[in-house]
1. Do any GluC sites (Glu not before Pro) in segment 1-75 lie in a loop, going by DSSP, with at most 16 other beta-carbon atoms within 10 Å of their beta carbon, and if so which?
2. Apply 1/(1 + (r/R0)^6) to the Cβ-Cβ distance of Glu94 and Asp63, taking R0 = 30 Å, and write down the FRET efficiency to the nearest 0.05.
3. Give the shape of segment 7-70 as rounded, prolate or oblate, defined through the alpha-carbon gyration tensor: a ≥ b ≥ c are the square roots of its eigenvalues, a/c under 1.5 means rounded, and otherwise the shape is prolate if a/b is larger than b/c and oblate if not.
4. Roughly how many nanometres apart are two label points built 7 Å out from the Cα toward the Cβ at Ala126 and Ala23?
5. If pairing requires two Cys Cβ atoms under 4.7 Å apart, which cysteines of the chain are left without a partner?
6. At 0.36 nm per residue, and after removing the present C-alpha to C-alpha distance, how many nm does the segment from Val49 to Lys110 gain when stretched out fully?
7. For Glu94, Glu156, what ranking results if the residue with the fewest other Cβ atoms within 10 Å of its Cβ goes first?
8. Could you give the size of the charge dipole of segment 7-70 about its Cα centre, using +1 on the Cβ of each K and R and -1 on the Cβ of each D and E, expressed in debye and rounded to the nearest 20?
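We did not get these values from a lab; they are worked out from the coordinates using the rules stated. Here the structure is a predicted model, which means the values were calculated and not measured. Cβ: placed from backbone, ideal geometry, glycine included. Neighbour counts: every protein chain shown.
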Amino acid sequence: MSAKGQVNELIREKRKALGLPEAEISESCGLSIMEYHDLEAYPDEAFAVLRLGNLLCVCDRLDLEIGQLFGWQAGARLSHGEMAHKDIISRIRESRGLSVAELSDAAGVKEQGIEQAETDTSTLLAWPVEFVKALADALQLSPMDLISVVRRQASE
């Protein structure tokens, strides 16, 4: 987590500083008011429960970077050419000498989830942040690099 404090506290403080009501952010990011309330109330909610797509939306609305929240830095940075490949996850997995089953075990994610992510990286937007980080770790990528790929390909 961020060295500055708990993720939930950073989100709450930023929202209040911007003068935005919880309901406005929850509605614009596809969260119920209770889901958003939990995000600000519980320290692990953003990491273990919230879907990546929802948290990215919250970060965008609050002018925060997801890496700021968790203390993540960009890694080796994937080239724009690499990021454009729809099969980037399978390419990286294969370059690491991993089978789908091995990546599944290493990331703690079902094989079906790995196969879906390899076919369409935007499916990672529906994963809890915790699983996205586990996949990035298993692929020996920075979570920020994997999230950059997801964002880029989802916007295409």
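1. Passing both the DSSP loop test and the Cβ count: Glu65.
2. Given R0 = 30 Å and the Cβ-Cβ separation, E is 0.20.
3. Values: a/c = 1.25, a/b = 1.07, b/c = 1.16.
It comes out rounded by the Cα gyration axes.
4. 3.0
5. Lone cysteines by the Cβ rule: Cys59.
6. Additional length available on full extension: 20.3 nm.
7. Glu156, Glu94
8. That gives segment 7-70 a dipole magnitude of about 100 debye.
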